[in-house]
Amino acid sequence: MASNSSEDEVLVSDDDDSDIPEQAVCKKLVEEFADITDTNTALAQFYLQDRNWELDLALNAFYERDISAESESNNLNKCEQVAGGSVCSAEQPATKKQKTKHLVDTASSSSVASCSSEPSVDRPESETKLSENRARLKLISWNIDGLDPTSIKNRTKAVYKVISDEKPDVVFLQEVIPQTFAYFETRFEDTYECIAGNDSGYFTAMLLKKATLRLKDFYLIPFYSSEMSRNLLVVKAEMGKDHCLHLITSHLESTKEHAAERKKQLKAAFEQMKEADNASTVIFGGDLNARDKE
């Protein structure tokens with residue numbers, strides 16, 4: 001296994017990035033973005049790379065998303081901007097043995113959701129065994145745009161950094177490519193179970209935090225009429241002694257022209273949610289490509 005330093009060097013020295021500014025200029029822009037937005041350098045690099053290192057464009061994109069996230073908040077979900085998406089805390093009534101359903105649509109951005117049935121309990125990061133009475137679940141869903149080759153190695157590193165910083169229990173990923181998945185498998189070997197929805201092209205993936213969740217089973221449900229090889233990735237896991245999770249992610253058919261197929265796929269996902277055991281908490285999320293009228 002290569003050392004972390006050599007992997008970092010590979011990520012930084014992307015042969016496809018000949019048009020980026022010099023290293024000193026990039027470093028200055030990253031630091032300036034992070035200072036202005038009060039965020040971190042990984043997020044700064046993510047925004048700047050996607051906007052050809054134009055600081056004004058990157059800042060505008062960051063604050064536009066911040067405003068959008070704020071306008072979508074309501075009395076049930078309190079959101080704050082983190083790592084290019086939103087962090088949501090949804091308070092649920094504590095009901096025993098009742099199926100709970102959650103739906104997360106990330107479209108082309110990342111989102112972080114934290115669902116709780118009880119007040120949060122701070123736990124040391126050094127915890128290495130499954131919590132017996134864990135009440136909170138932190139989840140990120142993110143289309144990481146693996147089809148775009150621009151700065152793919154640096155963007156993969158940035159995604160890894162965000163996940164490492166946020167420390168979610170569950171991660172739903174869309175538009176993952178084999179090289180990116182292999183990198184996550186290596187870097188998260190000790191901390192996350194990494195489950196791929198395919199081994200070629202681009203696909204969905206799911207990460208489960210080993211310290212809080214136990215993987216029980218996973219399987220794929222193909223959409224046979226899909227023209228884009230889309231499917232459902234279904235994972236069953238346990239949190240503590242008796243809390244079962246039924247986790248589903250997908251990247252539904254893209255573009256306006258495939259609305260009929262997309263709605264058909266969404267209906268199949270809802271059916272899968274209903275088929276889950278009544279004692280399970282069911283969470284479905286991903287890039288649903290949904291239009292308002294759909």
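For the condition under 17 Å from the mean Cα position of the chain (by Cα), open to solvent by 20 Å² or more (accessible area, probe 1.4 Å) and at pLDDT below 95, what is the one hit in N289, N278?
Working: N278 fails: under 17 Å from the mean Cα position of the chain (by Cα).
Of N289, N278, the one residue that is under 17 Å from the mean Cα position of the chain (by Cα), open to solvent by 20 Å² or more (accessible area, probe 1.4 Å) and at pLDDT below 95 is N289.
For K236, work out the one condition from (1) in contact with an Asp or Glu (Cβ under 9 Å, 6 or more places away or on another chain); (2) assigned to a loop (DSSP other than H, G, I, E, B) it doesn't fulfil.
(2)
Is it fair to say T180 is modelled with pLDDT of 95 or more, open to solvent by less than 30 Å² (accessible area, probe 1.4 Å) and not in a strand (DSSP E or B)? Walk me through it before giving the result.
On the way: modelled with pLDDT of 95 or more: yes; open to solvent by less than 30 Å² (accessible area, probe 1.4 Å): yes; not in a strand (DSSP E or B): yes.
So T180 passes the test.
Restricting to the stretch 254-272, give me the number of residues that are crowded, with 19+ Cβ neighbours inside 10 Å and more than 14 Å from R230 (Cβ to Cβ).
Qualifying residue count for the region: 0.
I want to confirm something. Restricting to the stretch 196-219 and keeping residues that are under 15 Å from G286 (Cα atoms) and in a strand (DSSP E or B), which single residue is most open to solvent (accessible area, probe 1.4 Å)?
Of the stretch 196-219, the ones under 15 Å from G286 (Cα atoms) are 196-197, 202-207.
From what is left, the residues that are in a strand (DSSP E or B) are 196, 203-207.
Working: A196: 31, F203: 15, T204: 7, A205: 1, M206: 0, L207: 1 Å².
Selected residue: A196.
Which members of the stretch 220-241 meet the condition of being on the phi > 0 side of the Ramachandran plot and either open to solvent by less than 10 Å² (accessible area, probe 1.4 Å) or among the aliphatic types (A, V, I, L, M) (or both)?
So the first thing to find is which residues in the stretch 220-241 are on the phi > 0 side of the Ramachandran plot, and the list is 229, 240.
Selection gives G240 alone.
For the stretch 33-49, what are the residues that are assigned to a helix (DSSP H, G or I), open to solvent by 70 Å² or more (accessible area, probe 1.4 Å) and of a type outside the set (V, I, T)?
Filtering the stretch 33-49 for residues assigned to a helix (DSSP H, G or I) gives 33-37, 41-49.
The next check asks that each one be open to solvent by 70 Å² or more (accessible area, probe 1.4 Å); those that pass are 35-36, 41.
Correct list: D35 only.
What are the residue pairs meeting all of these: first residue in the stretch 127-156, first residue at positive phi, second residue at pLDDT below 90, Cβ atoms under 8 Å, and 6 or more apart or on different chains?
What qualifies is D145/S108; S151/D14; S151/D16; S151/D17; S151/I20; S151/Q49; S151/D50.
Can you name the condition, by its number, that C244 falls short on among (1) without any contact (Cβ under 8 Å) to a residue 60 or more places away in the chain; (2) over 21 Å from W142 (Cα atoms); (3) open to solvent by 40 Å² or more (accessible area, probe 1.4 Å); (4) outside any strand (DSSP E or B)?
So the condition that C244 fails would be (4).
Let's see how each residue does on (1) under 17 Å from F172 (Cα atoms); (2) of a type in the set (A, V, I, L, M); (3) in contact with a strand residue (DSSP E or B) (Cβ under 8 Å, 6 or more places away or on another chain); (4) not in a strand (DSSP E or B):
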{"site": "E227", "(1), (2), (3), (4)": "no, no, no, yes"}
{"site": "S250", "(1), (2), (3), (4)": "yes, no, yes, no"}
{"site": "S254", "(1), (2), (3), (4)": "no, no, no, yes"}
{"site": "A259", "(1), (2), (3), (4)": "no, yes, no, yes"}
{"site": "D277", "(1), (2), (3), (4)": "no, no, yes, yes"}
{"site": "G286", "(1), (2), (3), (4)": "yes, no, yes, no"}
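In the stretch 161-177, which residues are within 18 Å of V30 (Cβ to Cβ) and surrounded by fewer than 19 Cβ atoms within 10 Å (Cβ to Cβ)? Before the answer, list the steps.
To start, the set of residues in the stretch 161-177 that are within 18 Å of V30 (Cβ to Cβ) comprises 161-162, 164-165.
Passing the criteria: K161, S164, D165.
The values are calculated or read from the model by the stated rules, or taken from the named source; none is laboratory data. Treat the numbers as computed from the prediction; the structure is a model and nothing was measured. Glycine also receives a Cβ, built like all others from the backbone with ideal geometry; neighbour counts cover every protein chain displayed. The protein model used for the area step is the full one, side chains on, heavy atoms only, and it has no ligands, DNA or RNA in it. Shrake-Rupley method; radii C 1.70, N 1.55, O 1.52, S 1.80 Å.
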